[in-house]
Structure formats: structure tokens, C-alpha cells
1. Hey, for a label at VAL14 modelled as a point 7 Å past Cα toward Cβ, could you say which residues of the stretch 157-188 have their backbone N under 16 Å away?
2. Hey, if you put +1 on the Cβ of every Lys and Arg and -1 on every Asp and Glu Cβ in the chain, which of LEU205, ALA107, ILE19 ends up farthest toward the positive end of that dipole?
3. Highest GNM mean-square fluctuation, the chain, Cα pairs closer than 10 Å: which of THR87, THR45, THR178?
4. Cα-Cα pairs above 14 Å in the stretch 171-255: how many percent?
5. Given the C-alpha centroids of the stretch 181-255 and the stretch 134-161, what is the distance between them in whole angstrom?
6. Give me the dipole magnitude in Debye, nearest 20, for the stretch 75-190 about the Cα centre, with unit charges on the beta carbon: positive for Lys and Arg, negative for Asp and Glu.
7. Once you list every other residue whose beta carbon is under 12 Å from the beta carbon of ALA91, what net charge do they have if Lys and Arg are +1 and Asp and Glu are -1?
8. For the stretch 41-111, what is the accessible area per residue in Å² when the probe is 1.4 Å?
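The values are calculated or read from the model by the stated rules, or taken from the named source; none is laboratory data. Worth saying up front: this structure is predicted, and the values here are computed from it rather than measured. In this analysis, Cβ positions are derived from the backbone assuming ideal geometry, glycine residues included, and neighbour counts consider all displayed protein chains. For accessibility, only protein heavy atoms count, side chains too; no ligands or nucleic acids. Shrake-Rupley method; radii C 1.70, N 1.55, O 1.52, S 1.80 Å.
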Amino acid sequence: MRAVRAEWSKLWSVRSTWITLGAAVALTVGLGLADTISTVRGWATVPAADRAAFDPLGSAFAGLTFAQLAFGVLGVLAVTSEYSSGTIVAALTAQPRRAVLFAAKAATVFGVSLIAGEALAFGSYLLGQAVLHGEHLDVGLGAPGVLRSVAGAGLYLCVVTMVGLGLGAFLRHPAGATSALIAVVFLAYGAAKAVEGWSYLPSRLLLSNAGDVVAQVHAVAAKPRLPSLGLAYLDLAMYLAVAVGLGLWRSTRDV
């Protein structure tokens, strides 16, 4: 617990934490609000087929596409800032057990990102539904799949943060880890799509596609490149386990 308290203090003592979380809020609220207002204004001209497939959470969560990068960078900097500044030596002097030090950092970042992600997801939901209410398109949390989708959006942001943390601990370099994060979250989509003529499996294993599935209300059976809901949750667990595992392994090596 002393290690966790120390990591908590370190996390909130650097400007990068406030900047990344502030950017995530600005992107999510700004883009989500703009997209939702645009949807309401153009609703009268939307074709019947598109109205039937309308996801009441899709517009509100439009900003999460970019907010996930801010959350991921938060995870990267939570680790790499110590290596780039050299303060990791002092941290290891205070807590020489490397596994304990990494576990404390991972637990702290996980807790902060989960709470922040869920708060951002539920805040986006409430703001979006307030705008959609004008066209009677809003849905309550009690509607089928809504609570699960909102909670899933927050969980996805937490997983992306932990992927950033694991890559940061593994590579120990801010630019390198951020580049790897962008490749995992964004660039992998193009590579997986290029082989869809042979197999949809790579697309179904993408982190971003798993995030799309857990954060939307409607079923995705008609989209073969997207995983089922069960597989999407399994994808998130896999990315979380692999990233944290790699970070733990590298953290127990020499600085």
C-alpha cells in the first residue's frame, strides 16, 4: 500500500496526467456534442433504413475515437517519464522489489483510468441523450444493451490506457511506446483489412474493433469483420494480459 500511495502521488504530480485527461474530455465532449447536434439537425432527411439502424450512443461516443489516444498516452507517460528523467533510480532505491513497484504503478493507473473512463463515458451518454431528446431519439439506461454499452466504452478506455502502460514499460521510451500504441490502436486496422479476402480473423482480433462492439447497442452479426460481443470482451482481456505481462517482464530486468 505504501508503494501504491507513492505511485498515486507521482501520477498526479506531473502535468502530463492533467493534460492527457483534459484532452480526452475536450475531444470526447466537443466531438460528441458536434456529431449529436449534426444528427438531430439532419434527422428529417435520414433514409428509413438508416433510421432503423440508428445507434443512440454512436454520436455521443464519436469523440472516443480520439480520446482513446489520450488515454493510451497517459499510460505510456506514467511509466516512461521516470526512465526519461532518471527518477526510476530513486524509485527503485525506495522500493527495490521491481515486481512490487510495477504492480503498484499498474494498479494505480488501472484505477484512475477505469474511473476516468467510466465518468467520461457516462457523461458523454447523458450529454448526448439531452441533445437527442429534442427529436425523441434518446434512450434510458434501462433500455436493452444501453447500460452495458456505456460501461463497455469506459472499460475500453481503461484497457487502452493499460496497453499504453505495458508498451511504455516494455520499450521505456516515450516516442517509441507512443508509436507502438498508435500502431496497435489505429494502424493495425489497415493491415487486418488487407487480408480480409482470406480471413476475417485478424479484424475480429483488433483492439479498436473490440472497442466498437462493446460500446454499441445494436448487434453486429451483419458485419463479419467485427467480433461477437463475447469475443470482443475476450479481445480486451487478451490485450490487457499481454500488455501488462510484457511490462512486468521488462520491469524486472535491469534499468
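1. From the stretch 157-188, the list is 161-179, 181.
2. Of the listed residues, the answer is ALA107.
3. THR45
4. Roughly 68 percent, rounded to a whole number.
5. If you average the Cα positions of each part, the centres end up 19 Å apart.
6. For the stretch 75-190, the charge dipole is close to 540 debye.
7. +2
8. Per residue, the stretch 41-111 has 45 Å² of solvent-accessible surface.
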